[in-house]
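Chemist: Here's a structure for you.
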Amino acid sequence: MSIWLLHHSRTSMGNRFSKLSDEALWTKELDLADELRKSCDEKGKETDLEKSADILHQLGLLYAQSSPDKISLIRSATLLNAAIIRNPGKKLFLKDLSKLCLQVLEVASRDIKRKMSEVDLLGVASLVAKKLQTMRDETKKKLSKLHIIPSNVATKEKLINLENEKIADVRDIQQWITAEYTQIMKHISLKVVEIMGKSPCEYAIAGMGSLARSEITPYSDFEHIILLEEGIKGQPGHEDKLNYFRWFSVIFQIIIVNLQETIVPSVAIPSLNDFMKPGGDWFFDTQTTRGVSFDGLMPYACKLPLGRFQKTKAKPWKTELIKEVSEMSKYLDSEEDIKNGYHLCDILMRTCYVCGNEKIFNEFSRQVKAKVEEKKESNHTQFLRQLDEDLGNFDAFDSLTALQTSSKCNIKQVLYRSTSLFISALGRFYSVDEGSSFAIIERLLESGIIDQDLAHRLSYAVAIACEVRLKIYMSKGGQDDYVIQNEVYDIFFNNITKQLAKNIGEKSMVDYFMIADSLQRALRSDKKLMKTHFEVTSQPERTFQLLDLLGFYEQCISEWEIFQKLENPPSLSFSDDLWIRHRVARACYVKRHFQKSFDMYDWLDQQTIVENILKGDVKVHKIWCMLYLNRYEDAVKYAEDEQITLEELNLTVDIKFDQLSELIFVHAKSKQKLKRYENACDIYREALKYLSHPDLRVKDVRKAECHLGIGNCLFELGRYSEAKRKANEALQSFSHHQSGYTRNVENECNILLAKCCA
């Protein structure tokens, strides 16, 4: 019988499950997982929390039976905490979690043959939670004092001063959070040593990731390794010493799990979140606040002392991050570990001291530096490959373009990694040891690689990225990277950027993306980084494109007015000039300056436009302006003349049909305004054919407007029952959308229904 069951034969917990074989345990787990799946929706979100709490509790007890398996104990603690989160009033859950914590200490004690203090691990976690809350409350106060830089600063000198103040304030906040976070992790580590007894050898705990970069948040994961003193490998008792630190890590992780900020998917329960099996990752934990936890057990994570314990077909290696210094440093040149799935080599290049023997940490840092210098030439190929991958995955403008058709924004990807990754890359290339982005920039400036102006701009971008991330996390009370658009569909622009700008101001949003884009383009054009002076420049076309993507239309118009008055404007290619005018014309259109917009589009329509997508956009916006200027006859004639032009443009199906459906919709609406109702119905139906194409982006509201247009025409023709049916079809077309624009369409549908029933 397992130690777990021996212990619990003396408690009420042990009789919930009799002793089961591994096969029987797995069968039972699958049965429970099936029950849980039935209480979730198609996206894996729970619909009956009381029921799911009971199932997670049973799964937790089931995993406890795998004791003394270390990973199973961590999973058991996570599942039992998950049950408590969902049904905190059920005392049985807390009672069983308390027993599990005692059992962990008993199993560890027997395994390493040491008597341990019977400390209440839940009590330890409760004290840590209070420390975390104090840090979070203070962080909110500090963030509330940060100023938003206005768009109309009088002089450049004053603007620079305001930006320098922002850089200094954000840097101070990040350093303060890093120090507080480190102290909390040190407190837990020392508590574990107190529980387990003096360590069998000297050790040091080193932090990685955002902690090492001094860009940690009050809700971040704790990515770390345990470094052991040199010379213990091969000595008697070596395995026992390793086992002490393995149990050290288990107890540490269970204290962290007891904070109730570890989501269930992060512990990779095979029946719920099998990341290696198609369809196996189905459970989505929306109930647990994602906060301070250990780095997950997913195959692509595992930046924790216990390491990566699961082999995959593509990456058949395991790691353990409890090693003496020389063994740990081998990860920097071991081919299998470089390819381990999460760039372990890169992560180990920058670490920070948390607690333990600082001399051991310093020796590891020295060996890392020596390895980097030794392999500088061979690492260059790996560096360029990684740089290429990151430039593709974190392109600032691509991310903004994707937001135009998305209802959510990942701020870590769009507003943090789009600069921090590439500043870190510059640091690696130029052998800068410092971890934080601010420190890297300072060293690059001191070395003459960048000038004062660029150092200022990059530091300001880092400050903005850190400020946004901190403010979003603090407002949500958890590590939630997504900003969700409240109104799912808007006919003119996406509101996500407007929501983000509330945190830092529109000017800072624009400045951030201009700096990020300029940095990324410079890296693309000079990947070898052979210049002694690295330069970053911006271009007018990118400025107007950015303002367009962000939806800052008033600023786009004012920038154009300033640009036109420049005595020596920068030279533009013909194509860039056309694109800038298109973006300004669209800004005028959105702000309802229809005559000004029409004049610009009319001019553009007379130019020789090479890019087909621009040619089509110009025609579509021009006809919309005609409609809003009440030039219905002109709009009809223009649509009849230009539809064939759009059909012949060499474009992807989705773009072509998008443009055609818009042109035809305005054609139909103009016919309706001219009271040519039969003809208008036919043209609306033609627009619906394009809107219904499977390759077209979702245009449900436009479909609804087509049905509504047909309904209104039929009503005018006295065909009331058909008009009523069309009004109902319109309502069904966008029932899942919510925005001010859709509510207007919905109101018009209801008005038509009322008229039909009168």
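Just so you know, all these numbers are worked out from the coordinates, no wet-lab data involved. Source: prediction; values computed, not measured. Because the Cβ atoms are built from the backbone with ideal geometry, glycine has one as well, and the counts that use them run over all protein chains shown.
Chemist: Can you tell me the relative contact order of the stretch 698-758? Whole percent, Cα pairs under 8 Å, sequence separation 6 or more.
Modeler: 40 percent.
Chemist: Next question, about the same structure. Listed here are the pairs 142/476; 191/369; 471/502; 191/241; 115/198; which of them are more than 20 Å apart at the Cα?
Modeler: Among 142/476; 191/369; 471/502; 191/241; 115/198, the Cα-Cα distance tops 20 Å for 191/369.
Chemist: Over the chain, what is the relative contact order in whole percent, taking alpha-carbon pairs under 8 Å and six or more residues apart?
Modeler: It comes to 9 percent, rounded to a whole number.
Chemist: Let me ask something additional. Hey, got the dipole for the chain? About the Cα centre, +1 on K and R Cβ, -1 on D and E Cβ, debye to the nearest 20?
Modeler: 1820
Chemist: Further question on the same structure: Could you rank the peptides 551-560, 474-483, 75-84 by their average count of other C-beta atoms within 10 Å per residue, with the highest value first?
Modeler: Listed from highest to lowest mean packing, they are 75-84, 551-560, 474-483.
Chemist: Under the 0.36 nm per residue contour assumption, what length would be gained going from the current alpha-carbon distance of residue 42 and residue 160 to full extension?
Modeler: Stretched out fully, the residue 42 to residue 160 stretch lengthens by 37.3 nm.
Chemist: Bin by bin, in steps of 5 Å, what percent of the Cα pairs in the stretch 698-758 do you find, going until the bin that has the longest distance?
Modeler: Spelled out bin by bin, the stretch 698-758 gives 4, 24, 33, 21, 12, 5, 1 percent.
Chemist: Set the bar at 19 Å for Cα to Cα. Now go through 596/671; 412/498; 131/186 and name every pair that lies beyond it.
Modeler: 596/671
Chemist: With point charges of +1 on the Cβ of Lys and Arg and -1 on the Cβ of Asp and Glu, referenced to the Cα centre of the chain, which listed residue (660, 590, 204) lies farthest in the positive direction of the dipole?
Modeler: My answer, from the dipole projection, is 204.
Chemist: Quick one: length gained pulling residue 728 to residue 35 fully straight, 0.36 nm per residue minus the C-alpha distance?
Modeler: Contour length minus Cα-Cα distance gives 245.6 nm.
Chemist: What FRET efficiency comes out for residue 647 versus residue 480 if R0 is 51 angstrom and r is the Cβ-Cβ distance? Round to the nearest 0.05.
Modeler: Efficiency for this residue pair is about 0.70.
Chemist: Something else now. Quick one: dipole size for the stretch 698-758, taken about the Cα centre, charges +1 on Lys/Arg Cβ and -1 on Asp/Glu Cβ, in debye to the nearest 20.
Modeler: 80
Chemist: If you take the beta carbon distance between residue 592 and residue 673 as r and set R0 to 25 Å, what does 1/(1 + (r/R0)^6) give as a FRET efficiency, to the nearest 0.05?
Modeler: FRET efficiency, residue 592 to residue 673: 0.90.
Chemist: When 565, 233 are ordered from fewest to most other Cβ atoms inside 10 Å of their Cβ, what list results?
Modeler: Ordered by Cβ neighbours within 10 Å, fewest first: 565, 233.
Chemist: Starting from the Cα gyration tensor of the chain, take the square roots of the eigenvalues, sort them a ≥ b ≥ c, and report rounded, prolate or oblate (rounded when a/c is under 1.5, otherwise prolate if a/b is larger than b/c, else oblate).
Modeler: It comes out oblate by the Cα gyration axes.
Chemist: Please identify the trypsin sites (Lys or Arg not before Pro) of the stretch 588-625 that satisfy two criteria: DSSP loop assignment and at most 14 other Cβ atoms within 10 Å. Which are they?
Modeler: 592
Chemist: Compute the length gained on full extension between residue 439 and residue 144: take 0.36 nm times their separation in residues and subtract their Cα-Cα distance, giving the result in nm to one decimal.
Modeler: Contour length minus Cα-Cα distance gives 103.7 nm.
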